[in-house]
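One structure is given below, encoded as structure tokens.
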Amino acid sequence: MNDLLILIALAVAPCIIIALFIYWRDKFDKEPFNLLVGTFFGGIASVVPAYFLSRGLEDIILAGQTLTTFEIAIDAFVCVAFAEEISKYFFLRFIAYPNKNFNEPFDGIMYSIMVGMGFAMIENLLYVLSNEGNGIQIALLRMFTAIPAHAVFAVIMGYFVGLAKHTNHKTGYLFLGVLAATLAHGFYDFFLFIQNMPYVYLGAAISLLFCVYLSFKAIRQHKKTRHLHLTVQMARRVRLPTAKPAFNTALYSW
């Protein structure tokens, strides 16, 4: 019983810690806690459509076969990465995105991470509890690989979703959000799925580190925009003349 509780704690704790860390780091114009919890549970719920969509795509596209490198790539990018990211996007789009509190680009990252951590928590539990013999080792390994990876994919998607809410290119940025997160997720999984080639795990590590770099750039860009947004709000309160912030200029500085 104690071993089971340890496994559950190791599987759940990293996701909760990341979610709380992001919440505590949001020092200005904090998001409503109930909405953050709602998006987190949306991420939990997104595991269900992701599973059925992934299985359905595998049955249609691969017919149960994943032998060649090309088929492994299809499995990684389409059957896994796309299925999971589009499922997470759906709950982000229809829970947080329409809410009036989603009022600045950085909120896209905030809510996207909540969805991502909800998803990652259930996925982690399933992996850890289905491998009780090696559960602790798997939990510790995923604590430093898969869980941060889901957070990074969430930042990448949230960056574009935040831009979509505050520009005139809504559809394009929403599409880019799903596409970019899917590509990042797909490259990471692809290198993990090829188990019969040397140095493949190095490729997964490199792809994850590159995505971490992009996610930090995205966070910095939106923080700059958030600072401008808050400056505009302060200026309006004291009725000072100021220009409207250009939310859509951050994308092309990557």
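The values are calculated or read from the model by the stated rules, or taken from the named source; none is laboratory data. Worth saying up front: this structure is predicted, and the values here are computed from it rather than measured. As a convention, Cβ positions derive from the backbone with ideal geometry for all residues, glycine included, and neighbour counts pool all protein chains shown.
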Legend entry - Spans of helices (runs of 4 or more DSSP H) in region 46-97 with at least 3 residues closer than 22 Å to Val152 by Cα and not hydrophobic (A, V, I, L, M, F, W, C): 47-57, 83-91
Inset, instruction - Quick one: Asn103 ticks every box in (1) assigned to a helix (DSSP H, G or I); (2) surrounded by fewer than 19 Cβ atoms within 10 Å (Cβ to Cβ); (3) not small (Gly, Ala, Ser) except a single one, so which number is it? - result: (1)
Legend entry - Breaking point among (1) of a type outside the set (Phe, Trp, Tyr); (2) over 18 Å from the mean Cα position of the chain (by Cα); (3) farther than 15 Å from Val161 by Cα, for Met121: (2)
Inset, instruction - Answer yes if at least one residue in region 89-98 is at pLDDT 90 or above, touching an Asp or Glu at 6+ places or on another chain (Cβ under 9 Å) and under 30 Å from Ile206 (Cβ atoms), and no otherwise. - result: no
Legend entry - Close pairs (8 angstrom Cβ cut-off, 6 or more residues apart or separate chains): under 16 Å from Glu85 (Cβ atoms) in region 96-125, acidic (Asp, Glu) and outside any helix (DSSP H, G or I) anywhere: Tyr111/Glu31
Legend entry - Condition check for Ala250: farther than 30 Å from Thr69 by Cα, of a type in the set (A, V, I, L, M, F, W, C), surrounded by 14 or more Cβ atoms within 10 Å (Cβ to Cβ) and at pLDDT below 90: yes
